[in-house]
Ligand SMILES: [Zn+2]
């Protein structure tokens, strides 16, 4: 804010002294434009006005209010406004009160505006710089925050009545409850008040975490865009605050006031999505192949151990097999055995490179902390999508039964799984036939969707094919961007829409 003001001030001075003409444009009226060079005193360069009028300068698409103090704004700005785009908030008296840089996602800008007051009106415009000149859009949107109809103290008092955390007489009260624990309690009381499952009392349960994820997502997203930094599995003061604000401003609340629909967005490697008779998964082989070509040493080892039949390298290395297959004379599983073994050899030769290449490309969050460390991290999108799927399961069952067995796995952990805890190098010596059989059960490190953080394994047999929860998953998972890998019916991959 201060920075922008300074820039504008400086701009005006330079602008006046340089004596340039204001741009002739219908889209931006002159009193809504502040134009002038920002950095340079070189007037020949800095005051040049683009010949083309700024059109259309910008458009505020929508404003989503969170409680009364916060809004997520979304807008489009013309490409010619090249840099530092964002949103400026004015009071209804026209005073610029805050600004927020925009984050670009799928050609639209998003920002979270905080610190709004209840029952007030605001105007939001977009800004950007053209040739070092800051311009504010003439297009604007009005924000009208709801009025508070219930005191915060009153809401707090209601919360304290929700869950009784006092210990039985024979148990000693702790001297101090940590701040984190207080936040968790608050989150549970809030969930209880809005009629949502909150897990076991005073315990950070999977149910609490997943429900919290839905809230975090609801308050930090707009359509396919989400402020992932704010979406984590821990109950959070800000999120508790939003719920309180909503309670303060609504006569009556339903779940829909707090939990907004999930909009699946593609994961980072969406171009490698593969849908076939095995269900849905990410084509890790193809991803590895595309990347190994960028590294000379790694590529050499691919030529030695090619693992995709449909590549020149494979056909060059095994011309006899390729010829047989092409002429239709091929029988047996020699190609499959070769590929299975070559994947293992390729991994063994390039462990470090594989660890680096086959890794999550999306932001990650921590979930289900009590699990072993390699099970603890799943991709934020996968986790959020799963939280919706899970929390909407038929309510007549104990939700705690159905936790995630495994999310993200490192290559190292995958190597241990693959080799059944014996030395990987020992296992690598076994025949192609052995590896072919093994790979039906467990993927070679670096080739598993778990390494990319988009796969989840469910732990409860009722979710497996042939059991009672499976049809529910089959019916609903796709709505949240989840696809089953049929060969392993516990294994679900988040592929987005
Ligand atoms: Zn799996």
Put in order of increasing Cβ neighbours within 10 Å, starting from the fewest, 486, 480 give 486, 480
Determine the distance separating the Cα centre of the range 407-440 from the Cα centre of the range 164-212; give it in Å without decimals.
-> 42 Å
Over the C-alpha atoms of the range 262-497, what are the Rg and the largest Cα-to-Cα span, Dmax, in Å?
-> 18.7, 60
Linear extension gain, residue 405 paired with residue 91, 0.36 nm per residue minus alpha-carbon span = 108.0 nm
Take the Cα atoms of the range 152-257, build their convex hull, and give its volume per residue in Å³.
-> 112 Å³
What is the diffusion coefficient of the range 217-279 in µm²/s, taking the Kirkwood radius over Cα pairs and the Stokes-Einstein relation at 25 °C with a viscosity of 0.890 mPa s?
-> 171 µm²/s
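Tell me, what does the Kirkwood hydrodynamic radius of the range 91-134 come to in angstroms if you use every pair of distinct C-alpha atoms? Please report the intermediate quantities before stating the final value.
Details: mean 1/r = 0.0803 Å⁻¹.
Evaluated on the range 91-134, it is 12.4 Å.
Which order results if 154, 491, 291, 450 are arranged by neighbouring Cβ count within 10 Å, fewest first?
Working: 154 11, 491 22, 291 16, 450 29.
Ascending Cβ contact count within 10 Å gives the list 154, 291, 491, 450.
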Equivalent ellipsoid semi-axes, the range 266-364, via Cα gyration tensor eigenvalues times 5, rooted, Å = 26, 18, 11
Under a no-solvent Debye model with one identical scatterer per Cα of the range 51-164, what's log10 I(q)/I(0) at q = 0.10, 0.11 Å⁻¹?
-> -0.36, -0.42
Give the Cα extents of the range 57-121 along the principal axes, in whole Å, largest first.
-> 36, 23, 15
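Taking neighbour Cβ counts within 10 Å as the exposure measure, how do 103, 89 sort from fewest upward?
Values: 103 14, 89 23.
Ordered by Cβ neighbours within 10 Å, fewest first: 103, 89.
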Express in whole angstrom the spacing between the alpha-carbon centres of the range 57-116 and the range 285-316.
-> 46 Å
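Values in this text are rule-based calculations from the coordinates and carry no lab data. A quick note: this is a predicted structure, and the numbers were derived from the prediction, not measured. Cβ coordinates were reconstructed from backbone atoms using ideal geometry, including for glycine residues, and neighbour counts include every protein chain displayed.
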